[in-house]
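Heads up: the structure comes next, in structure tokens.
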Amino acid sequence: MLKRQLGTSLLVTCLILTTVPAALGGHNTRTITVSGDGSGNFICDGKDDQVPINKALEYAANNPGTTVHLKGQFTYYISDTLQIGSDTVLEGDSGVKIKLAPGLSVWGGRSSNIADEKAMIMIKDNSATNIIIKNLIIDGSQEDYYSNIRLGTSCYNMATLIGCNGLTIHDVTFKNGCNDAVLINKCSNVRIDKIAVNKCGHDGISAYDVTGIKIINSRFVNRTNSSCRFYQVTNGVFAHNECTTSGGGYAGLELEGTVSNTEVYGNNFHDLAGPAIAHVHTNENNVHIHDNST
């Protein structure tokens, strides 16, 4: 058992943790724990929790095959980005929440490009392979702390994931955000399954310049813009999703730019403020849309 092997030397606070203990050495399928109750390998206290979580993620990036497990039930307040590296799983117990802390200066803005759109969760150095994010609640704190931020202005993304080959997100809830729930750019082999997006500030999922993306079995409640956007996407699937609205927003699925080899089927689009599927200046090649309900 990992905890018994590592001993109490790993019970460190975010105030004193500066290096990953040597006792964490090893490789393959190891799980390290982060907690707010004093029982994990890395300890959080509800303030600047990104510090110990990032130490755990740094260890995982240096030891491929590691799972970083957030213990619950606990709300982890972050005031800076979580950086995920290759061959890492980030997961939580049921009810675990990662929440944007109050009182932060503005992240991003209309003038920022995608790589500079600082987010709650990002890929380390915008380059990685084989990342899994699962069993979490990501809370963008818009209604709680940032109600003065104009929605959809590229501020406070919940996840900006750039440059990953092999990305899986499942059983994650994204809610209460100021901008995109998930922005995916220059990625390939992406699978998103059983997520929920509730009242983000822009697109639920914005896939831009992506090859190979499957979004299935998910539920989107629009507040602004669309449930999902495929912009310059090749080999895409959008299937068996529910797209609706809390009273605003636009389409269920927005197709933009060149979209190729893509299937859209089995979705339930209802009560949207815009069309079920919007075609925005598209060049569509081998795009099949069938068996959806509205």
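The values are calculated or read from the model by the stated rules, or taken from the named source; none is laboratory data. Just so you know, these numbers come straight off a predicted model, no measurement behind them. For neighbour counting, all protein chains shown are included, and Cβ atoms are generated from backbone atoms with ideal geometry for every residue, glycine included.
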Next on the checklist: Cβ-Cβ distance below 8 Å, separation of 6 or more or different chains: which pairs start in the stretch 195-208 with a residue that is among the aromatic types (Phe, Trp, Tyr) and end on one that is surrounded by fewer than 24 Cβ atoms within 10 Å (Cβ to Cβ) and not in a strand (DSSP E or B)?
Outcome noted: TYR208/ILE114
Next on the checklist: over 25 Å from ASN130 (Cβ atoms) and of a type in the set (A, V, I, L, M): which single residue out of VAL221, VAL233 fits that description?
Outcome noted: VAL221
Item to check | Candidates ASN241, ASN261, ASN235, ASN217, filtered to the one that is surrounded by fewer than 21 Cβ atoms within 10 Å (Cβ to Cβ), over 19 Å from GLN142 (Cβ atoms) and within 18 Å of the chain's Cα centre (by Cα) | outcome: ASN217
Checklist entry - Which condition does PRO275 not pass, out of (1) more than 17 Å from the chain's Cα centre (by Cα); (2) assigned to a loop (DSSP other than H, G, I, E, B); (3) within 18 Å of ASP180 (Cα to Cα), if it passes all the others? => result (3)
Checklist entry - Any residue in the stretch 28-45 that is more than 17 Å from GLU91 (Cβ to Cβ), part of a strand (DSSP E or B), among the hydrophobic types (A, V, I, L, M, F, W, C) and modelled with pLDDT of 95 or more? => result yes
Next on the checklist: Condition check: among the β-branched types (Val, Ile, Thr) and over 12 Å from the mean Cα position of the chain (by Cα). Does ILE131 satisfy that?
Outcome noted: no
Checklist entry - Any residue at all in the stretch 272-285 that is at positive phi and crowded, with 22+ Cβ neighbours inside 10 Å? => result no
Checklist entry - Within the stretch 198-208, is there a residue that is of a type in the set (S, T, N, Q), out of contact with any Phe, Trp or Tyr (no Cβ under 6 Å at 6 or more places or on another chain), at pLDDT below 95 and surrounded by fewer than 24 Cβ atoms within 10 Å (Cβ to Cβ)? => result no
Checklist entry - Would you call GLY72 more than 30 Å from ARG30 (Cβ to Cβ) and touching a strand residue (DSSP E or B) at 6+ places or on another chain (Cβ under 7 Å)? => result no
Item to check | Near pairs, Cβ below 9 angstrom, 6+ apart or cross-chain, from the stretch 134-149 (more than 21 Å from ILE195 (Cα to Cα)) to any residue that is small (Gly, Ala, Ser) | outcome: TYR145/ALA101; TYR145/GLY103; TYR146/GLY140; ILE149/GLY201
Next on the checklist: Report every pair of residues separated by at least 6 positions or lying on different chains whose Cβ atoms are under 7 Å apart, first residue within the stretch 249-274 and touching a residue at least 24 places away in the same chain (Cβ under 8 Å) and closer than 18 Å to SER218 by Cα, second of a type in the set (Lys, Arg) and not in a loop (DSSP other than H, G, I, E, B).
Outcome noted: GLU254/ARG229
Next on the checklist: Report every pair of residues separated by at least 6 positions or lying on different chains whose Cβ atoms are under 8 Å apart, first residue within the stretch 275-294 and touching a residue at least 40 places away in the same chain (Cβ under 8 Å), second of a type in the set (D, E, K, R) and part of a strand (DSSP E or B).
Outcome noted: ALA278/GLU254
Checklist entry - Residues in the stretch 140-152: is at least one over 16 Å from PHE220 (Cβ atoms) and assigned to a strand (DSSP E or B)? => result no
Checklist entry - Does VAL172 fit the bill of being within 23 Å of ALA251 (Cα to Cα), outside any loop (DSSP other than H, G, I, E, B) and under 10 Å from the mean Cα position of the chain (by Cα)? => result yes
Checklist entry - Scanning for something part of a loop (DSSP other than H, G, I, E, B) and in contact (Cβ under 8 Å) with a residue 24 or more places away in the chain, does the stretch 232-241 turn up at least one residue? => result yes
